[in-house]
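These notes concern the structure reproduced below.
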Amino acid sequence: MWNYTDKVMDHFLHPRNVGEIENPDGVGEVGNAACGDALKLTFKLDDQGRIADVKFKTFGCASAIASSSALTELVKGKTLDEAAKVTNQEIAEMLGGLPEAKMHCSVMGMEALQKAISNYKGEASPFEDDHEHEG
Ligand code: FES
Ligand code: FES
């Protein structure tokens, strides 16, 4: 049986940047119809085009919460191009590793961020439901 790392537990019990930004510059929502898990991410840019604030809300599990929390810490202060390059691997590393079976939960935050970036750029509806995996 897998034991969650202290860092996962810390981000799960004390998630950073939880909530929703009012009048955000970008909004991204992903959901998995199969299990009902969902995640919404909002961000605001500063006048340099860097992420000044970013928040998430999720109905996901401990791994989803911890990963999204880590993600928000990783992308704060980054430009959108830099933020879009953050990988799942970096998030997992920041958390000291995630159980293999839980890796899919950790991608919801990143998917929502990518949607929020598209939303900011006017490319896509932030509310499409295309988070697909078997969980
Ligand atoms: Fe659905 Fe982890 S977010 S099981
Ligand atoms: Fe629902 Fe993974 S997000 S099982």
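Close amide H contacts of ASP25 (hydrogens built in the peptide plane, cut-off under 5 Å, sequence separation of 5 or more or a different chain): PHE43, LYS44, LEU45.
Debye-formula intensities of segment 6-121, expressed as log10 I(q)/I(0) at q = 0.12, 0.14, 0.17 Å⁻¹, are -0.36, -0.49, -0.72 (one equal scatterer per alpha-carbon, no solvent). Whole-Hz Karplus values for segment 39-54 come out as 8, 10, 10, 10, 9, 10, 9, 8, 6, 9, x, 9, 6, 7, 8, 8 Hz, taken residue by residue from phi with 6.51 cos²θ - 1.76 cosθ + 1.60 and θ = phi - 60°; glycine and proline positions read x. Any chance you could give the angle, 0 to 90 degrees and rounded to 10, that helix 62-75 forms with the longest Cα principal axis of the chain? Once rounded, one gets 40 degrees.
Estimated from helical segments only, the mean residue ellipticity of the chain at 222 nm is -11500 deg cm²/dmol, where each DSSP H run of four or more residues counts as -39500 (n - 2.57). Phi angles across segment 19-30 convert, under the Karplus curve 6.51 cos²θ - 1.76 cosθ + 1.60 with θ = phi - 60°, into 3J(HN,Hα) values of x, 9, 7, 6, 6, x, 7, x, 10, x, 10, 10 Hz, Gly and Pro given as x. Helix 103-121 and the longest principal axis of the Cα set of the chain meet at an angle near 0°. In vacuo Debye scattering of segment 1-59, one point per C-alpha: log10 I(q)/I(0) at q = 0.23 Å⁻¹? So the normalised log intensities are -0.96.
Judged by the mean number of other Cβ atoms found within 10 Å, the most tightly packed of the peptides 20-26, 51-57, 10-16, 112-118 leads the ranking 112-118, 51-57, 10-16, 20-26. Rounded to the nearest 5, what % of the DSSP beta bridges within segment 6-121 are antiparallel ones? In segment 6-121, DSSP labels about 95 percent of beta bridges as antiparallel.
Taken together, the values in this text are just the output of simple stated rules run on the coordinates, not laboratory data. This structure is a prediction, so every number in the text was calculated from the model and none was measured. Virtual Cβ from ideal backbone geometry, glycine too; neighbours counted across all protein chains shown.
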